[in-house]
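What follows is calculated from the coordinates using simple rules that are stated; it is not laboratory data. On a predicted model such as this, the values are computed, not experimentally measured, just so you know. So basically every Cβ, Gly included, is an ideal-geometry build from the backbone, and we count neighbours across all protein chains shown.
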Amino acid sequence: MNPQFVGVTGLPRAGSTLLCQLLAQHPEIHCEGQSSPLCNTLLGLRRMVSDDTFFLSQLDNAFERSYAHLTSAMQGFLRGWYHDCTTPVVVDKNRAWLHTIEMLLHLEPDAKLIVCVRELGQIYGSIEAQHQRTILIDFLDHLADFDRFGRADMLFAKDRTIGAPLVSLSAVPDLPKAVRERLYVLRFEDLIAQPVACMSHIYGWLGVTPLQIDPEQLTVGIQESDSHYRMKFSHQQHTRIAPPKHHDIAPRIQAQVESAYAWFYQQYYPAKQPSAN
C-alpha cells in the first residue's frame, strides 16, 4: 500500500522548514525536510513527453492506451521516489506543489497539501534582514544592486521569490471545491504562537495517531543547503520554538505591499489594519 502523499508548499520565509521539522517528530510521518526536486522533475517529464514526436504520433492512433502508459509511468515515478518509505504518510517539500496541485491529484487522488503563509511585509523583511547580514554576496537572481524599494519590487514580481507563489495562491479560489478541500492553509504566526494546537489539528487532518509535541525539545533534522541560495534564505533548525524578531519595514514598502495584495490580507489576515504610507 502506498503512503499518503503530502506536499508542503506556499510562501517563502513562512515556516515550511519548522513545519517539516515538526512533522518529522511523528513516528507515522516520513519527512526529510529539505526542498525536494520531485515536483520539478515531474514538470520536466511532462514538458519532455509533450515534445516527443514518437509519443505524439501514438496519441493519434491509440490515445487511451498511450495516455494510460504516460499516467502509469508518471505515477510510478512519483511513488517510486519514496519507494523505501514504510510510514503511512510521506511529506515532500516544494513551493511549486500548489501551482501543480491538479496534476498531482490526477496522479495521486488522495494527495494533500499544507500551504504555508505569512504576513507579506515580514516575509520581505526576513529576506532583507538576511541580505543585510550577507550584503557582500549577491542573490541568485542578482538583486543586490537594487535599492530596498527596488529589491522589494523585484521579489514580488510574478516570476520571482515571493510573487510566484502568490500567483498560485491567488488562483486557489478558482479551483474546484474538491481540489480546495485537499489544501490546509497554515499561518506562520499561528504556528509560532500555538505550535501544540496547530500540530494537533494538522495530525488530525492527516489522519495519523494524535501526538503532542514539546516545543521546548525538538529533534533537529537534516540541514538544507543555504549556499545554494547564496545564503539569502536561512533554513536553520532549532531545538525549541521561539518567536522570530519583528522586522521594521519602510512604511512606503509596507503600504504598497498591502495595497497590491489586498486580496491576500482579506483572505488570510482580515483583522489586520491597513498601514498608512
Choice from Pro215, Pro244, Pro165 with maximal GNM fluctuation in the chain (Cα, 10 Å cutoff):
Pro244
Expected max-MSF residue from Ser225, Ser66, Ser259 in the GNM of the chain (alpha carbon, under 10 Å) is Ser66
With a 10 Å cut-off between alpha carbons and a GNM built on the chain, which of His30, His106, His246 moves the most?
His246
Using Cα pairs closer than 8 Å and at least 6 residues apart in sequence, work out the relative contact order for region 1-130, in percent.
52 percent
Toward the positive end of the charge dipole of region 163-277, about the Cα centre and with charges on Cβ (Lys, Arg +1; Asp, Glu -1), which of His246, Ile213, Gln223 goes farthest?
His246
Hey, quick one: spin label on Arg148, modelled 7 Å out along Cα-Cβ, who in region 108-132 has an amide N within reach, i.e. under 19 Å?
119-132
Name the GluC sites (Glu not before Pro) in region 116-191 that are in a loop by DSSP and that have at most 15 other C-beta atoms within 10 Å, would you?
Glu181
Degrees, to the nearest 10: 251-260 long Cα axis against longest axis of the chain:
30 degrees
Hey, if you put +1 on the Cβ of every Lys and Arg and -1 on every Asp and Glu Cβ in region 113-196, which of Gln122, Ile135, Val196 ends up farthest toward the positive end of that dipole?
Val196
Where nothing but the Cβ of Lys and Arg (+1) and of Asp and Glu (-1) is charged, how large is the charge dipole of the chain around its Cα centre, in debye to the nearest 20?
400 debye
Projected label distance in nm at His201 and Thr41, using a 7 Å step from Cα toward the beta-carbon:
3.4 nm
Looking only at region 153-188, which residues have a backbone nitrogen under 19 Å from a spot 7 Å from the Cα of His238 in the C-beta direction?
187-188
Note: Asp214 to Ala271 extended length (0.36 nm per residue) minus current alpha-carbon separation gives 17.6 nm
Which shape class applies to region 14-144: rounded if a/c is under 1.5, otherwise prolate when a/b exceeds b/c and oblate if not, where a ≥ b ≥ c are the square roots of the Cα gyration tensor eigenvalues?
oblate
Quick one: if the Förster radius is 30 Å, what FRET efficiency do Met103 and Ala262 give, using the C-beta to C-beta distance and rounding to 0.05?
0.50
From the helices alone, meaning DSSP H stretches of at least four residues, give me the mean residue ellipticity at 222 nm for the chain, per-run term -39500 (n - 2.57), in deg cm²/dmol to the nearest 500.
-13000 deg cm²/dmol
Any idea how far apart Lys245 and Arg79 come out in nm if each label point goes 7 Å out from Cα toward Cβ?
4.9 nm
Give the longest segment of the chain that steers clear of trypsin sites (Lys or Arg not before Pro) in DSSP loops with at most 13 neighbouring Cβ atoms within 10 Å, not counting the sites themselves.
1-157
By the C-alpha gyration tensor axes a ≥ b ≥ c (rounded if a/c is under 1.5, else prolate when a/b exceeds b/c, else oblate), the shape of region 78-161 is prolate
How big is the gap, in Å, between the Cα center of region 93-117 and the Cα center of region 187-218?
21 Å
Expected unfolding gain across Leu140-Arg252 under the 0.36 nm per residue rule, minus the alpha-carbon gap, is 37.7 nm
Ranked Trp81, Trp97, criterion: other C-beta atoms within 10 Å, fewest first:
Trp81, Trp97
Alpha carbons only, please: Rg and Dmax for the chain, in angstrom.
20.0, 62
Once you have a ≥ b ≥ c as the square roots of the Cα gyration tensor eigenvalues for region 152-228, tell me rounded if a/c is under 1.5, and otherwise prolate or oblate according to whether a/b is larger than b/c.
oblate
Filter the cross-link list Lys93/Lys232; Lys112/Lys177; Lys112/Lys245; Lys158/Lys232 down to pairs whose alpha-carbon distance in this structure exceeds 22 Å.
Lys112/Lys245
